[in-house]
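Below is one structure; the comments refer to it alone.
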Amino acid sequence: MGVIDLNDVPLKTGSIYPEPYAGMMAGRSSLRLGQAGGLTQFGVNIVILEPGALSSLRHWHLKEDEFVMVLEGECTLVQDAGETLMQPGDCAAFPAGDPDGHQFINRSDSEARFLVVGSRAPHEIATYSDVDLKLEVKDGNATFTRKDGTPYTGETE
């Protein structure tokens, strides 16, 4: 494929989260660069956060590594140990299987952008640290359950 023209990459907004969590992702969008380039072994995205927006619910991956580098603006990384302000050039890594959930929040008055590179395990489980929710992705299909494996019905704790 070669060069990817950012102007040709569709802007993805919204979330695959079920409600009420999907509504919490207002102001978050992404450019799926890896997908646009035909990559299948790892994902590459630019995540764009408007002021006040969250990147995701705080989560961790069972089988997928994840790497983040801030490109523009600033955002706050939230983990078990607390919060870290990240600015352009700052990087963070989240090894597969480490149950220290992470998320980014834009608490500034300007847009923030960061690059995310992650492996694409054929069977993945993501656990959400602060809510009773788990995601399983298998054969391209995403299923949300409670942490104990029972179906998620849309009702929060």
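Read-outs: derived from the displayed coordinates by stated rules, not from any lab. Because the structure is a prediction, the values reported are computed rather than measured. As a convention, Cβ positions derive from the backbone with ideal geometry for all residues, glycine included, and neighbour counts pool all protein chains shown.
I'm spelling it out carefully: the read-out is Kirkwood radius over Cα pairs in Å, the candidates are [x] 15.3; [y] 16.9; [z] 16.2, and one was derived from this structure. Which label? Step by step, Kirkwood radius over Cα pairs in Å for this structure corresponds to label [z]. Sequence-distant contacts, meaning Cα pairs under 8 Å at least 6 residues apart, place the relative contact order of the stretch 24-122 at 37 percent. Within the straight-line cut-off of under 15 Å between alpha carbons, the aspartates and glutamates reachable from LYS12 are GLU50, sequence neighbours fewer than 8 places apart in one chain being disregarded.
Sites listed here are trypsin sites (Lys or Arg not before Pro) in the stretch 24-91 whose DSSP assignment is loop and whose Cβ has at most 15 other Cβ atoms within 10 Å: LYS63.
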